[in-house]
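Following: one structure in structure tokens, then a few remarks.
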Amino acid sequence: MDFSLPEDLLAMQRAVREFARAELAPVATELDRAPRFPRETLRKMGELGLLGMLTPEEYGGAGLDTLSYVVLLEEIAAVDASHATIMSVTNGLPQSMLLKHGTEAQRQRYLPRLASGEWIGAFCLSEPHAGSDAAALSTRAEKVDGGWVLNGTKAWITSGGEAQLYLVLAKSDRHAGARGITCFLVEKGADGLSFGKPEEKLGQHAAITTTVTLEGCFVPDDAVLGAPGNGFVIAMAGLDGGRIGIAALAVGIARAAYEAARDYAAERTAFGKAIHEHQAVGFKLADMLTGIEAARLLTHRAAWLKDRGFRTAREAAMAKLVASETASRVTHAAIQVLGGYGYTKDFPVERYFRDARVTEIYEGTSEIQRMVIHRQIFRELER
């Protein structure tokens, strides 16, 4: 089995790493301390093709495979997780879902704008009282002449108020459970669509997150993505791919924290020698790197399987579970290696620590990932 990356992908990886260091690193701390949506740097990412990586060239995208996507997403996350989260959501949910389930007219209307970065996409599933139990959502869709009227509130929406396209999950048949959920395409500016104030979060401050409210929001019949009642299936399939992206993002955060700790341990001396020569620190670095490599392998395997058409619900959940929990452990350990300096804003590891925490929550908590893996274990036994 060949674990090496092809030369063309390695060249892209180097180019994206250089871009992230030149364009994102100088603004990462500023965006963390004075949050704002990073439109200018996102525009540059769009010009590089980073916001339409999985979208075919015929729709204005880069036409890359999932493995290439996660390799390059890791590079962005290693510099700034906020940019990586916006990149992950707009690539991995709206565009992938449109590509798989959209009509040709929907693809032609939205994919070129999203792939170029002219538009940003948002995914509206979670609600104030329906997060992990996504099928319990209360947003309603009522059929009227020529379309649908949406009413409800969505919570924790990345790029809320900043995105131009919102994929909204709503109950079109309140008696059909998950089979009564439909996915709608709602454009910013639609009557009845409004946004709450940005949430004050622990980390990833530039990945603006708000509530999204729909009050008598009319959308035409051609704004339905897929068939009515098939929205939950579409959303869950989208999340399988999205979770692979979040795994890559978590690996990037963990790598950045590890490298900061490694470099500090090489320079800092205590008791007459570099602190990495003390077993307590050296073993910590060894555990950090081992965890990162394991998480990356799971992520790359999930991406590789997806590219070959395999179902990846289990593999995506495993990758996200291990990568996100590894990121939390590694960033915690990095602060410990730096000691008091790691606790200050003079060094970036405290930001990595804060940014990593949400990777265990969004696009399915660690508990949900374990539920998915558990269910897949016994579904396989039943075959």
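Here are the numbers for the structure shown:
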{"quantity": "Ala266 modelled with pLDDT of 95 or more and under 26 Å from Arg357 (Cβ atoms)", "calculated": "no"}
{"quantity": "Pair list, Cβ under 8 Å, 6 or more apart: the stretch 278-293 residue more than 13 Å from Ala254 (Cβ to Cβ), other residue loosely packed, with under 14 Cβ neighbours inside 10 Å", "calculated": "His278/Ala270; His278/Phe271"}
{"quantity": "Scan of the stretch 55-78 for residues that are over 14 Å from the mean Cα position of the chain (by Cα) and under 19 Å from Leu9 (Cα atoms), ordered by number", "calculated": "Thr55, Pro56, Glu57, Gly61, Ala62, Gly63, Leu64, Asp65, Leu67, Ser68"}
{"quantity": "The stretch 88-143: number of residues that are part of a helix (DSSP H, G or I), small (Gly, Ala, Ser) and out of contact with any helix residue (DSSP H, G or I) (no Cβ under 8 Å at 6 or more places or on another chain)", "calculated": "1"}
{"quantity": "Among (1) surrounded by fewer than 13 Cβ atoms within 10 Å (Cβ to Cβ); (2) within 18 Å of Ala206 (Cα to Cα), the one test that Asp32 misses", "calculated": "(1)"}
{"quantity": "Residue count, the stretch 336-349 (criterion: touching a Phe, Trp or Tyr at 6+ places or on another chain (Cβ under 6 Å) and either crowded, with 24+ Cβ neighbours inside 10 Å or aliphatic (A, V, I, L, M) (or both))", "calculated": "1"}
{"quantity": "Residue within the stretch 212-235 that is aromatic (Phe, Trp, Tyr) and either surrounded by fewer than 16 Cβ atoms within 10 Å (Cβ to Cβ) or over 22 Å from Tyr362 (Cβ atoms) (or both) present", "calculated": "yes"}
{"quantity": "Breaking point among (1) modelled with pLDDT of 95 or more; (2) out of contact with any strand residue (DSSP E or B) (no Cβ under 8 Å at 6 or more places or on another chain); (3) surrounded by 15 or more Cβ atoms within 10 Å (Cβ to Cβ); (4) of a type outside the set (Val, Ile, Thr), for Gln106", "calculated": "(2)"}
{"quantity": "Pair list, Cβ < 9 Å and 6+ apart or interchain, from the stretch 224-235 residues that are assigned to a strand (DSSP E or B) to residues that are among the aromatic types (Phe, Trp, Tyr)", "calculated": "Val224/Trp148; Val224/Phe184; Leu225/Phe184"}
{"quantity": "Val16 being in the same structural domain as Tyr69 (by TED's automatic domain parsing), touching a helix residue (DSSP H, G or I) at 6+ places or on another chain (Cβ under 6 Å) and in a helix (DSSP H, G or I)", "calculated": "yes"}
{"quantity": "Failed item, numbered, when Val89 is tested on (1) within 15 Å of Ile244 (Cα to Cα); (2) out of contact with any Phe, Trp or Tyr (no Cβ under 8 Å at 6 or more places or on another chain)", "calculated": "(2)"}
{"quantity": "Output for the stretch 40-60, where each listed residue is part of a helix (DSSP H, G or I) and buried (at least 19 other Cβ atoms within 10 Å of the Cβ)", "calculated": "Thr41, Leu42, Met45, Gly46, Tyr59"}
{"quantity": "Residue check, Asp145 over 30 Å from Glu58 (Cβ atoms) and touching a Gly at 6+ places or on another chain (Cβ under 8 Å)", "calculated": "no"}
{"quantity": "Phe37 in a helix (DSSP H, G or I), over 24 Å from Glu315 (Cβ atoms) and of a type in the set (Phe, Trp, Tyr)", "calculated": "no"}
{"quantity": "Asp191 vs. criteria of a type in the set (D, E, K, R) and in a helix (DSSP H, G or I)", "calculated": "no"}
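Here is a yes/no grid of residues against (1) farther than 23 Å from Arg140 by Cβ; (2) out of contact with any Ser or Thr (no Cβ under 7 Å at 6 or more places or on another chain); (3) crowded, with 21+ Cβ neighbours inside 10 Å; (4) without any contact (Cβ under 8 Å) to a residue 12 or more places away in the chain:
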position: Val186; (1), (2), (3), (4): no, yes, yes, no
position: Gly196; (1), (2), (3), (4): no, no, no, no
position: Arg243; (1), (2), (3), (4): yes, yes, yes, no
position: Ile246; (1), (2), (3), (4): yes, no, yes, no
position: Ala266; (1), (2), (3), (4): yes, yes, no, yes
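The values are calculated or read from the model by the stated rules, or taken from the named source; none is laboratory data. Remember, it's a predicted structure, so these values are computed and weren't measured experimentally. Neighbour counts run over all protein chains shown; Cβ positions are idealised from the backbone, glycine included.
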